[in-house]
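S.K.: Starting off with a structure, shown below.
Here, each number is a calculation from the coordinates, and none is a lab measurement. Since the structure is predicted, the reported quantities are computational estimates derived from the model, not experimental observations. Every residue, glycine among them, receives a Cβ derived from its backbone with ideal geometry; neighbour counts consider all protein chains shown.
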């Protein structure tokens, strides 16, 4: 029996988190949507945050990585994941997330999508694909059975 994910819970893989920090593109647009709606619940694991912080240290420095990680710890719920699993995918499973944003070609393949449906029906997309199909208003109305009030805050950091 497949695990039923919560559609308002999201996992953002390390590569997308880093792209949001350093590049103003689809990753930034997706993260802005998530940050603008506190009812969208961001999940992460220690390993996923470690992976992103390591890349941030390489591209920037350890101070930037430390500041980024401290901020992320206030923005997401940390879940435990098995250390041998892919951090993004394992976090999505452990966090019961309905969406995983990643650039990892192994995860966005049709074969992976079909295999995942057996364990957990999850939407695995690149940030660009997520931005094209994610309907925040429709999701809010489905989850809360109330009219969508719009974004609660504009947060671009």
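S.K.: Å³ per residue of the Cα convex hull, for the range 81-153?
M.R.: So the per-residue hull volume is 123 Å³.
S.K.: Give the span of the chain's Cα atoms along each principal axis, as three whole-Å numbers ordered largest to smallest.
M.R.: Principal-axis extents of the chain (Cα, largest first): 43, 36, 25 Å.
S.K.: Provide the packing ranking of 34-45, 129-140, i.e. peptides ordered by the mean count of other C-beta atoms within 10 Å per residue, highest first.
M.R.: 34-45, 129-140
S.K.: Let me check against my output: what whole-number percent is the relative contact order of the range 16-139, with C-alpha pairs under 8 Å and at least 6 apart? Mind showing how you got there, number by number?
M.R.: Values: 130 pairs, mean separation 31.5, N = 124.
So the answer I get is 25 percent.
S.K.: Then there is this: Per 0.36 nm of contour for each residue apart, how much would the distance between residue 120 and residue 70 grow if the chain were fully extended, relative to their Cα-Cα spacing?
M.R.: 15.0 nm
S.K.: How big is the C-alpha Rg of the range 35-85 next to the rule-of-thumb value 2.2 N^0.38 Å, as a ratio?
M.R.: My calculation over the Cα atoms of the range 35-85 gives 1.21.
S.K.: Looking at the chain as a GNM with Cα springs under 10 Å, which of 32, 74, 126 has the largest mean-square fluctuation?
M.R.: Comparing 32, 74, 126 in a Gaussian network model of the chain, the most mobile one is 74.
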